[in-house]
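Let me begin by presenting the structure, written as structure tokens, before commenting on it.
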Amino acid sequence: MDHITEQDVAHALEILGLTLPITTEDLERAKRVQLYNWNPTRYAGLTNNPKQYMQQFRKAEEMTRTVEAAYALISAVFVPDQPER
């Protein structure tokens, strides 16, 4: 992550459903909620329409990657590194 803009941070916050100021607990909770909401296995019940299932499954996979990336960006920006011992 060479150059992180304010737009990148704002987009990541929007994906996670957060507003400033945030705590580490808020960040962890938002990640868990979004990953639960976008868990691809939640779309297994759409077997009566395989095409729709695959579309939803792919979207859920994409959103899972997006949530993970947003979490990584926010934690890199707002969560200070642990002090080295």
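The values are calculated or read from the model by the stated rules, or taken from the named source; none is laboratory data. From a predicted model like this one, the values you see are computed outputs, not experimental measurements. Cβ: placed from backbone, ideal geometry, glycine included. Neighbour counts: every protein chain shown.
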### Query
Being among the aromatic types (Phe, Trp, Tyr) and at pLDDT 85 or above, is that true of even one residue in region 45-54?
no
### Summary
Subset of region 1-16, residues surrounded by 10 or more Cβ atoms within 10 Å (Cβ to Cβ) and either in contact (Cβ under 8 Å) with a residue 40 or more places away in the chain or under 11 Å from Ser75 (Cα atoms) (or both), comes to Ile4, Asp8, Val9, His11, Ala12, Leu13, Ile15, Leu16
### Task
Those residues that are part of a helix (DSSP H, G or I) and without any contact (Cβ under 8 Å) to a residue 40 or more places away in the chain, I need them from region 31-43; list them, please.
Arg32, Val33, Gln34, Leu35, Tyr36, Asn37, Pro40, Thr41, Arg42, Tyr43
### Message
Cβ contacts < 7 Å: first residue part of a helix (DSSP H, G or I), restricted to region 17-28; second residue small (Gly, Ala, Ser), any location; separation 6+ or different chain. Result?
### Response
Leu27/Ser75
### Query
Got a sec? Which of Thr41, Thr66 is surrounded by fewer than 12 Cβ atoms within 10 Å (Cβ to Cβ) and not basic (Lys, Arg)?
Thr41
